[in-house]
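One structure is given below, encoded as C-alpha cells.
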Amino acid sequence: MARLSVMRWHKPIVTPTLSALAVLGCVILAVMGHYLSFLFFSLFTMLVLGMPIAISLAGSCLLFVLISGQVPDIVVAHRMINGIDSFPLLAIPFFIFAGSLMNNAGITERIFNFAKALMGWMRGGLGHVNVGASIVFSGMSGAAVADAGGLGMIEVKAMKDAGYDEEFAVGITAASSTIGPIIPPSLPMVIYGVMASASVGQLFAAGLLPGLLMGVMLMVMIFFIARRRGYQRDTTFSLRVLGHTFGRAVLSLMTPVIIVGGIITGAFTPTEAAVAAVFYALFLGVVVYRTLTWRKLIKVSMETIETTAVILFIVAAASIFAWILTSNQVTQHVIALMGPFSDSKVVVLMMTNLVLIIVGCFMETIAAITILVPVLLPLAVAVGVDPVHFGVIMVLNLMIGLLTPPVGMVLYVLSRVSNVSFERCMRGTIPFLIPLVLCLLLVTFVPAISMWLPTLVYR
C-alpha cells in the first residue's frame, strides 16, 4: 500500500514575508480576544508554513485553550484520548493490513488477468478492465492510494504495452482508483461514521450502488474516447481463458464477498469483517499461493503500523478541534450567516458540494472529514438530509479532490509508480472528472441511489 504523506513536514507554500504577516495576524487576533478567529487563522498559518496536518490541528487547539483560558490545558490530552477510544476505529489497521497483504501476495495480478479475460474484448478493452479490476479490488482495500499503488503499476504498464496513450492510461487508472473508498470496505466511511456517530454498516451499504454507478459512468466515457481515438479490442472473448483466469482468481474474488456479504447479512460487524479479511489474506498468501515470505510480512506490518499511527493521530487531533467548534456553537453561527438559504435543501447541498470540492483540492481526505463533519453535518441534517446519505456525498466529493492539484495524492502516487510527470497525469485525468462529477450530482439529488440498500437491510 502506498504510504500516506499527511505526516511529512512540507516546505512552506508562502514567502517568508507572508508567513511573518500570518503569524502577526494570529498575535493580533489573540490580543483582541477574537479566539475563534484565532483558532482558524492559526490552523491556516501552520498549514501554509508546511506543518503536518495533525500537528497543525493539535497545535492550534492547544494555543486556543491556553490563550482563551476557557478550560484547563489537560483537556487537550483528555479529548485526544477520547477521540480515538472507539471500537469502530479498530477496523482501520485491519483493513489497511488486509489491503497490503493482498498487494504483496500477488492477488492483484490475478484479479487483473480475470478482468482482462472478462472485459478485454470490448472497444478500448484495457480501459474497461482497469475499471472492473478496481471495482473488485475496492472490496478489499478501502483506500484509493492502495488501489493506485497496487493495481496502478500493473494497469498502466499493460495499457502502455498495448499501445494506449500514456496520459489515457494514467488518467483512467487514477479515476477508477477513487471507487475504492466508495464501495465497502472504506476507511473514510469508518472515520465519518465515528465523527458523525453514524452506523458504519449502513454507510458501507450506502456506498455500494454509488460505487458501481461510478464504474458504469467511467466505462461510458472510455467507450466514447476509444471510438474517437480508434482504440480497438485488446483480445477476443474465450470461455477457456475466462475459465482459467477465474479458476486462478476465484479465491481472491471471494474476499469482497466475505467482507461485504458478511456485513450486509449481519454475520459480523465492519470491525470483525476487517479481522476476517486479514486472516483470509494471510491464508491465501501463506497457505494457498505461498507468495508471502517473512520479509514481506514484516514489511507490510511496519507499513500498516506507520499508516495507522498517522490516521489515528489526525483523528485524535481533529477530535479536539471538533469539540471546540461544538462547544462554541460554530454550526449555529454558520446557519445564521446563511440566512434565508439555510431552509433550502438544494442550496445547502450545492454549497456543501462546492465547499468539499474546494477543500478536497487542498486537504487530505481523512483530515477534511474530521474537520468538516462537525460543521457541515448539522447544517445538512437541519434541512432534512440523512447522515448516512451525507456521508456518501462527503466521501465522493473528497475522492474527486484526490484527482485535483495541488494535493492530488492519487496523482502523485501514480506519477511515482508509472514514471509519468505529475502534469501529464493531471491532463490525462481531466476527461474522467466529467463522469465523476455527474455521478456526484446524481448521488446528491437522488438519495435513493445511496439509501435504497441501507433502508432495505437495516431499516
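The values are calculated or read from the model by the stated rules, or taken from the named source; none is laboratory data. Bear in mind that the values here come from a model prediction, so they are computed numbers and not experimental data. Positions of Cβ are backbone-derived with ideal geometry, glycine not excepted, and every protein chain shown enters the neighbour counts. All accessible areas refer to the heavy atoms of the entire protein, side chains included, with ligands and DNA or RNA removed. Shrake-Rupley method; radii C 1.70, N 1.55, O 1.52, S 1.80 Å.
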As a test of reading the structure, rank 121, 452, 323 by solvent-accessible area (1.4 Å probe, protein chains only), most first. 452, 121, 323
Give me the 1.4 Å probe accessible area per residue for the range 184-264, excluding ligands and nucleic acids, in Å². 43 Å²
Cα-based count: Lys pairs in the chain below 25 Å, eight or more positions apart or different chains? 4
How would 290, 424 rank on accessible area, largest to smallest, probe 1.4 Å? 290, 424
With every protein chain present, what accessible area does residue 299 have (1.4 Å probe, heavy atoms only), rounded to the nearest 10 Å²? 100 Å²
Spelling out what I want: for every residue of the range 54-67, take phi, set θ = phi - 60°, compute 6.51 cos²θ - 1.76 cosθ + 1.60 (Karplus), and round to whole Hz; glycine and proline get x. 5, 5, 5, 5, 5, x, 5, 5, 5, 4, 4, 5, 5, 7
tail above 15 Å in the computed P(r) of the range 282-325, as % of all Cα-Cα pairs, reads 60 percent
Let me know the volume per residue of the alpha-carbon convex hull for the chain, in Å³. 145 Å³
Those trypsin sites (Lys or Arg not before Pro) in the range 47-139 that DSSP places in a loop and that have at most 10 other beta carbons within 10 Å: none
What FRET efficiency would be calculated for the residue pair residue 227, residue 421, taking the C-beta separation as r and a Förster radius of 30 Å, to the nearest 0.05? 0.65
Heavy-atom accessible area ranking, 1.4 Å probe, most first, across 114, 283, 94: 283, 94, 114
Accessible area of residue 343 in the full protein assembly, 1.4 Å probe (Å², nearest 10): 130 Å²
Charged-residue dipole, Cβ positions (Lys, Arg, Asp, Glu), the chain about Cα centre, Debye nearest 20: 1120 debye
Accessible surface of the chain [probe 1.4 Å, protein heavy atoms]: carbon and sulfur percent: 70 percent
Please work out the FRET efficiency for the pair residue 66 and residue 246, using the Cβ-Cβ distance as r and a Förster radius of 35 Å; give the result to the nearest 0.05. 0.05
Charge tally for neighbours of residue 105 with beta carbon under 12 Å away, counting Lys, Arg as +1 and Asp, Glu as -1, is +2
Projected area, mean over directions - the range 150-284, Cα convex hull, nm²: 10.0 nm²
Could you give the spread of the C-alpha atoms of the range 360-447 along their three principal axes, from largest to smallest, in whole angstroms? 47, 25, 15
Can you give the helix-only mean residue ellipticity at 222 nm for the chain, where every DSSP H stretch with n ≥ 4 adds -39500 (n - 2.57) and the sum goes over all residues, rounded to the nearest 500 deg cm²/dmol? -25500 deg cm²/dmol
